[in-house]
Every structure is written in structure tokens, then in C-alpha cells.
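Reading through the C-alpha cells given below for one structure.
Throughout, read-outs are computed from the coordinates displayed, never taken from laboratory work. Everything numeric in this text was worked out from a predicted model, so none of it was measured. Cβ coordinates were reconstructed from backbone atoms using ideal geometry, including for glycine residues, and neighbour counts include every protein chain displayed.
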Amino acid sequence: MAQDNYKKDDYFWRDLNLNYSGENNYASFFPSKSNTHAYPAKAVPDMVFELLNHIKSRYNIKSVLDPFVGSGTTALESKYLGLDFYGSDLNPLAILIARTKVLTLSNSNYMIKTIKDFVGDLQLGYENANVVKLTTFNNIDYWFKEENIRELSYIKEKINQFLKGKGKKNIENYALILLNSFSSSIRYCSLSRNSEFKLYRMSPSDIEKFNVNAVEVFSNNIIGLLEMLKEVNRAYKVISNMQVELGNAKELNFMEDKKVDLILTSPPYGDSSSTVAYGQFSRLSLQWASDLLNKYLGIKVYSDNCDEYLLGGKKSEIEAGIETILSRSITLQNLVSEMDQVINEDVEQLNEMKCELNNWQKQLEAGNIFTLEQIDNKIFALLRERVRLDFYREYNKETNLSRKEVKKLSAEKTDHFFEELFNGHVEDDLDNIEFLKEKLKRVLETIKRKIQAVPKRKDEVLNFFKDLYQVVVSTDRVLNHDGIQAWIVGHRTVLGKININMKDVLNDWFENIGYEKVTDLTREYSFKRLPHHINSTVNRNDQIKTMMQEYILIVKKP
């Protein structure tokens with residue numbers, strides 16, 4: 001009988017469709033391509049809906065908590081299913097986006113007409129605006145063209161004037177819609193490469209061609225968001241409570257004495273500096289709009305770089321000790337042993353490379369040139385990359401070249417440089433040799449930094465897990481007895497070769513505090529906005545795959 005029950009339970013979970021390739025066609029009730037706001041590492045709405053609905057069909061679920069609410073995907077799917085929802089995040093931008101996504105429009109026809117009138121007046125007003133009070137912050141002219149600074153400053157001032165004139169009754173709804181659209185426009189109108197989740201400035205040639213009208217972008221964002229919100233409100237089945245707060249997942253203080261039936265979350269897969277830099281993605285929006293977020297929505301921007309405060313961040317207050325988290329996870333203990341071994345091997349290799357580089361420097365100073373066959377492959381790859389980067393930066397100054405052309409030309413010039421160097425005569429190649437000496441010096445400095453940095457990666461990884469363990473403790477505190485926890489995680493790679501089994505670490509911790517494992521599931525993904533490759537620790541020219549699968553751990557509280 002137990003075997004039959006196990007099979008039935010297994011079939012129940014294996015019947016769940018979690019694999020979606022590329023952009024999913026529909027979320028629970030509107031196309032995912034219609035976006036309220038870009039955000040890194042978004043969960044797939046279809047997948048979250050299927051998982052949430054599946055759990056709800058088996059267990060008595062009335063309320064859901066996502067301690068890493070992000071852009072609010074779980075919040076919106078919970079709302080669609082008529083469930084009460086609680087969410088938190090340490091990124092102020094995430095709170096703005098998530099609250100907007102689950103917004104219930106009261107007196108919607110009047111509100112929509114009022115906002116559309118505002119947009120119409122905005123477009124006409126800018127054409128006749130002789131004087132605009134410009135917003136300023138550090139490096140604003142590095143990230144925005146002069147005309148876009150003027151347009152965005154105008155929009156910001158008009159939003160402020162509009163909200164000042166609204167009564168308290170619906171001011172939050174107006175503020176969410178206007179500031180969400182404003183933030184989305186800031187990102188779109190910036191000189192940051194919009195395909196990246198980190199802040200990277202466009203190439204000079206792309207900047208030269210970049211030409212957008214921020215007032216038009218903002219107006220289109222407003223109209224698109226209003227249409228989406230109308231669809232969300234039409235699909236409303238049951239009026240449920242939605243609470244999204246700026247707060248720390250390690251504490252969940254905003255929950256006070258409230259309890260939930262389900263924790264459904266997808267935590268960061270590592271510290272922001274080495275995985276997804278949420279703070280970098282959000283920085284420009286927060287620099288532009290922090291005062292309005294605080295004034296009209298009570299969202300306090302405590303830093304324009306929240307990465308330092310997120311799990312494992314430099315300014316995160318770590319409570320759990322290393323002994324605690326290791327004693328409660330054999331998977332983590334094995335990880336530490338593996339990291340120690342790899343670190344020792346890498347440091348030994350780096351020291352050997354340092355000695356070889358020192359020897360080459362002496363040879364060059366003595367007027368000797370070495371052959372390609374004499375150079376270690378890993379060192380040559382570092383040296384070649386250093387030369388290529390210099391040529392890349394030089395070509396990148398040309399405004400008539402595309403990024404693709406800059407990459408191609410810098411690679412070709414690098415090949416030509418080494419071909420000339422190794423096939424020529426020393427006396428004919430003095431300029432190239434002087435150039436090479438400078439590059440060798442820079443590579444040697446990089447090697448020395450890596451020798452210091454590699455051992456620190458272990459502490460950075462463990463600091464992340466110390467923080468994550470505290471989140472597990474906090475979620476247990478606010479979960480009802482017989483409640484369910486479902487964690488969607490990825491197995492990230494560290495030190496260039498170690499795959500971290502996040503699912504098993506979490507399962508060890510949950511088992512330690514008495515939870516029963518319900519199931520674990522695996523899904524392929526290509527939808528989340530994550531880097532699919534990163535550079536390895538020793539040789540930045542080697543690329544390794546990052547997370548291409550997600551794992552879902554489902555456990556039950558006794």
C-alpha cells in the first residue's frame with residue numbers, strides 16, 4: 001500500500017509541466033512580452049502558475065509568502081488564484097515593480113482617463129517648455145544624453161506636480177503607475193546596453209546612433225501599463241490581500257504575528273557581485289526617482305547600490321556562524337572540502353605562472369625574445385587577452401564602428417601583433433617589445449591580485465550560505481504547521497569548476513529542523529535573464545557554462 005501511495009504521489013508531481021523554452025507565449029492571463037518593467041532573472045509566469053496551482057490542488061493553501069519578491073511574478077499568480085500574498089525584497093525598485101503588478105484599480109475608468117489626460121498634456125507641454133529644472137547626480141551625463149536628461153527632468157517635475165494635487169484616497173495607485181513607467185523609461189533612455197543586467201555603457205558608435213524621445217517612451221509605457229492592469233483586474237477571481245514591503249528576508253519583521261500556508265520563492269543563486277547584480281540594474285532608476293518613491297510610496301531608498309546589502313553582500317549583517325550551517329548540511333561540508341582543494345591547486349598554478357612571468361620579464365630586459373612554443377598556454381591566453389583589450393579600447397573610440405566590427409578588428413590586430421613579434425627580429429621590433437613589456441607587467445599584476453583573491457572566494461561563498469540559512473529559519477517561523485515550502489534554485493559554478501548543489505544544501509537544512517521532503521523537480525530554462533557563460537578564475541579567456549537548469553525543492557513542515 002505504501003508503494004502504491006508513493007507511485008501515486010510521484011505521478012502527481014511528474015505530471016507537472018515545468019519546461020518552457022524561450023519566451024513563454026502566455027502567463028496566466030496576459031502575454032509575457034507585454035512587460036510592466038524589465039528586471040533581471042525573472043521567473044517564468046507559466047511555470048510559477050502551474051506550480052502554485054498544482055500545490056494548491058493538493059494542500060489547503062490560502063496564503064503565500066515570497067521573501068525574495070523581485071518583479072512580483074509569484075505575487076501576480078497568487079492574486080490570479082485568489083490567494084493572500086505577502087512579499088519582501090531589499091531592492092527598492094523591486095518593491096515598486098511588484099506593487100504595481102498586483103495593483104487593483106479602484107474607479108478604474110476615471111483613473112485611466114485622468115492619467116491619459118496627464119500624458120496628453122505632458123506631450124504638448126514639453127514642446128512649449130522654455131525652462132526645465134534639470135535633475136543632477138554623479139555621472140548623469142555619462143549615462144544619458146543631454147536632451148534625454150532634459151526630457152526626463154521635465155517628466156519627473158510634472159509627475160511631482162500631478163501627485164501633489166491628488167488627494168490621499170488614490171494617490172498610491174497614481175504614484176505606482178506613473179513612477180513604474182518613469183523608471184522603465186529611465187532604463188530605456190539611458191546609454192547603458194539594455195541587453196545587459198549590469199551597467200555597461202554603449203560603444204561610441206552606438207551612442208552616436210542612439211536617438212530616443214523620453215517623453216514619447218514614457219507616454220507609450222503608461223498606455224501599455226494601463227492596458228495590462230485592465231486585463232489583470234478583469235481576470236480577478238477573488239478579492240485577496242496583497243502586501244509587498246521593503247524588508248530583509250532574514251528577518252521578515254513586516255510579517256509580525258502573521259502566518260502563511262505556503263512559501264514559494266526563488267532566492268538569488270549567489271552574492272550579487274558574482275551572479276546577478278540587481279543593484280547595478282536598479283541604480284539609474286533609483287538615482288532619478290528616490291525622492292519621489294519615498295515621498296509618495298513610502299519606499300525608502302537606503303542606498304543606490306543595494307547589492308552590498310543583499311545575501312552575502314559586504315554590508316549584510318551575517319548572524320549564523322560557520323559551525324552552525326556546516327553541522328546541519330553534509331552537502332555544504334563536502335563543498336568546503338572541494339573548495340579547499342581547488343583553491344590550493346589554483347594558488348599553486350598561479351604562483352608557477354608568476355615565476356614564469358618574472359623570468360620572461362628578465363629575458364626581455366636582457367634583450368632576449370622567447371618563441372611561442374616556450375610560452376605556457378594559459379599564460380599566453382592571459383597575455384593575448386590583455387593585448388586584445390588594449391586594441392579593443394582603441395578601436396572602440398571610433399564612432400563609425402559597430403561593437404561587432406570593434407571585436408573583429410581588435411582580434412585581427414592582436415593576431416597580427418603576435419605574428420610580427422614571434423616571426424620578426426629583435427632589432428626590428430623594439431616598439432612591439434616595449435609594448436609587450438608593459439603588457440607582461442599588467443598580467444603579472446593581475447596574477448598577483450588573483451593569488452590574493454582566490455582564497456577569499458571561499459569566504460564569499462560561505463557568507464552567502466550563512467545569510468541564506470537565516471532566511472530558512474525566518475521562513476520556518478512564519479509558516480503554519482503542515483505548511484509547504486517550495487524553493488526554485490539553480491546550481492551555480494564557483495572557482496571555475498565547482499558546481500554548488502543548492503537544492504541539497506537546502507534539503508539538508510530543512511531535514512535538520514524536522515521537515516519532510518515532498519519531492520524535487522528539475523526543469524530546463526532559457527528564459528531567465530542570467531549570464532549563460534562566465535569567465536573562469538585563472539584564465540578569463542576560458543568560458544564556463546553557468547546555470548542552465550533549475551531545481552524545485554518542495555518540503556512539508558510537521
Aspartates and glutamates with Cα under 13 Å of Lys556, excluding same-chain neighbours fewer than 8 positions away: Asp261, Asp476, Asp482, Glu511, Glu516, Asp520
For a protection proxy built on the mean count of beta-carbon atoms within 10 angstrom, sort 127-139, 496-508 highest first, please. 496-508, 127-139
For helix 278-297, what angle does its Cα long axis make with the longest principal axis of the chain, in degrees from 0 to 90 and rounded to 10? 40 degrees
Which GluC sites (Glu not before Pro) in region 280-373 sit in a loop by DSSP (not H, G, I, E or B) and have at most 14 other Cβ atoms within 10 Å of their own Cβ? Glu317, Glu319
Per the charge dipole of region 104-212 (beta-carbon charges, Lys/Arg positive, Asp/Glu negative, Cα centre), the residue among Val119, Thr135, Gly167 reaching farthest to the positive end is Gly167
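What is the packing order of peptides 483-495, 439-451, 284-296, taking the mean over residues of other C-beta atoms within 10 Å and listing the highest first?
Working: 483-495: 22.3, 439-451: 16.8, 284-296: 20.4.
Per-residue mean Cβ counts within 10 Å order the peptides as 483-495, 284-296, 439-451.
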Computed ³J(HN,Hα) along region 304-310: with the Karplus parameters 6.51/-1.76/1.60, θ = phi - 60°, integer Hz and x for glycine or proline, the list is 7, 10, 6, 3, 5, 9, 6
Can you give me the distance in nm between label points at Glu319 and Glu196, each placed 7 Å from the Cα along the Cα-to-Cβ direction? 3.7 nm
With +1 assigned to the C-beta of every Lys and Arg and -1 to the C-beta of every Asp and Glu, and no other charges, what is the dipole magnitude of region 162-219 about the Cα centre in debye, to the nearest 20? 340 debye
What aspartates and glutamates sit close enough to Lys397 to cross-link, taking a C-alpha to C-alpha distance under 15 Å and skipping anything fewer than 8 places away on the same chain? Asp206, Glu208, Glu405
Which whole-number percent gives the relative contact order of the chain, counting Cα pairs below 8 Å spaced six or more residues apart? 19 percent
Counting only pairs 8 or more places apart or on different chains, how many lysine pairs in region 212-367 have C-alpha atoms closer than 25 Å? 11
Given the candidates Ala249, Val336, Val215, the one whose Cα lies deepest towards the positive end of the charge dipole of region 211-359, counting +1 at each Lys or Arg C-beta and -1 at each Asp or Glu C-beta, is Val215
Förster radius 56 Å - calculated FRET efficiency between Lys413 and Glu127, Cβ distance, rounded to 0.05: 0.75
Selected from Ser181, Ile375, Ser106, residue furthest toward positive end of dipole (the chain; charges at beta carbon): Ser106
Using alpha carbon centers only, region 213-290 is separated from region 60-97 by a whole-angstrom value of 8 Å
Percent antiparallel among DSSP beta bridges confined to the chain, rounded to 5, stands at 55 percent
Taking 0.36 nm per residue of separation and subtracting the Cα-Cα distance, what length does fully extending Glu405 through Asn17 add? 135.4 nm
